[in-house]
Amino acid sequence: MSQIGKEIADFKVQAFTNNEFKVVTKNDVLGKWSVFFFYPADFTFVCPTELEDLANKYGEFKAANCEIYSVSCDTHFVHKAWHDTSDAIKKVTYPMLADPTAVLARGFDVLIEEDGLAERGTFIVNPEGKVVAYEVVAGNIGRNADDLYRRLQALQFVASHPSEACPAKWKEGSQTLKPSIDLIGKI
C-alpha cells in the first residue's frame with residue numbers, strides 16, 4: 001500500500017543530538033519539512049557512510065527548513081556510544097532517533113520483524129505531517145544525500161507552485177513543466 005499522503009502517527013521517542021539526550025514527538029515535526037532516514041543498525045558498515053553523507057549536507061537541509069531524523073531500532077545510549085567512537089558519526093549533529101520498541105519502524109512500515117531492524121527507508125514528510133515521498137532500498141545499498149536534497153527541493157517547489165511539475169533531473173532554477181492538454185505528446 002502506498003505511503004504517499006499518509007499522515008505520520010503520533011510518537012514520542014528518545015534522541016541523541018548535539019551531545020545530549022532529548023525527547024522528540026510528532027509535534028516537533030509539524031510545521032517544517034522533515035526527512036526520516038531509517039537504517040538497520042549502529043556500528044555497521046553502509047550506515048555510517050550514509051549518515052556522514054547527510055551530515056555533510058545538513059546545513060543545506062536546515063537552510064531549506066527541513067530537519068533530518070536518522071532512525072534505527074537502537075537506543076539513544078547506543079547512538080551516543082557510536083557517535084563517541086566513529087569519526088564518520090562524530091560529524092552528525094541532526095537528531096538520531098532511538099526506536100527500540102519499533103514504534104517508528106512499524107509506523108512507516110519498514111520494520112523487519114524477524115530481525116528487529118529497520119529497512120533502509122527514506123521518507124520526506126511535509127509540514128502538515130504527511131508523507132510526500134519515500135523509497136526503500138536493499139540493506140546493502142547506500143543512499144545519496146545529494147539526490148535526497150534535490151527531491152526535497154522539487155517537492156517544496158511543487159508545494160508552492162501546484163500547477164507546475166518537475167521533470168527528471170530537475171534542479172532548483174531549472175525549467176519546470178506546466179501540465180495541460182496542449183503538452184500531451186509534445187515532450
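Between helix 76-85 and the chain there is an angle of about 90 degrees, using the helix long axis and the longest principal axis of the Cα atoms. Quick check: net charge around S34, other residues with Cβ under 12 Å of its Cβ, Lys/Arg +1 and Asp/Glu -1? Every neighbour counted, the sum reads +1. Seen against the Cα atoms of the chain and their longest principal axis, helix 46-63 is set at about 60 degrees. When the chain is treated as a Gaussian network with alpha carbon springs shorter than 10 Å, the biggest mean-square fluctuation among L30, L54, L117 belongs to L30.
Helical runs (DSSP H, four residues minimum) scored at -39500 (n - 2.57) apiece and divided by the length of the chain put the mean residue ellipticity at 222 nm at -8500 deg cm²/dmol.
Taking the charge dipole of region 12-162 about its Cα centre, with +1 at Lys and Arg Cβ atoms and -1 at Asp and Glu Cβ atoms, the residue from T85, T75, Y58 reaching farthest to the positive side is Y58.
Counting other beta carbons within 10 Å of each residue's own, what order do I141, I112 fall into, fewest first? Walk me through the numbers before you get to the answer.
Working: I141 9, I112 14.
Ordered by Cβ neighbours within 10 Å, fewest first: I141, I112.
DSSP beta bridges in the chain, what fraction antiparallel, as a percent rounded to 5? The antiparallel proportion sits near 70 percent. Computed from phi, the 3J(HN,Hα) profile of region 142-153 under the Karplus parametrisation 6.51, -1.76, 1.60 (θ = phi - 60°) reads x, 9, 10, 5, 4, 5, 4, 5, 4, 5, 4, 4 Hz, with x in place of Gly and Pro. Charge dipole of the chain (Cα centre as origin; +1 on each Lys and Arg Cβ, -1 on each Asp and Glu Cβ, all else neutral): 600 debye, rounded to the nearest 20.
Cross-link list K6/K32; K6/K57; K32/K91; K26/K169; K12/K80: which exceed 25 angstrom alpha carbon to alpha carbon?
Details: K6/K32 16 Å; K6/K57 27 Å; K32/K91 23 Å; K26/K169 32 Å; K12/K80 19 Å.
From the list (K6/K32; K6/K57; K32/K91; K26/K169; K12/K80), the Cα-Cα distance tops 25 Å for K6/K57; K26/K169.
Quick note: the coordinates plus some simple rules give every number you see, no bench work behind them. Small disclaimer: the values here were computed from a predicted structure and weren't measured. Reconstructed Cβ throughout: ideal geometry from the backbone, glycine too, with neighbour counts over all protein chains shown.
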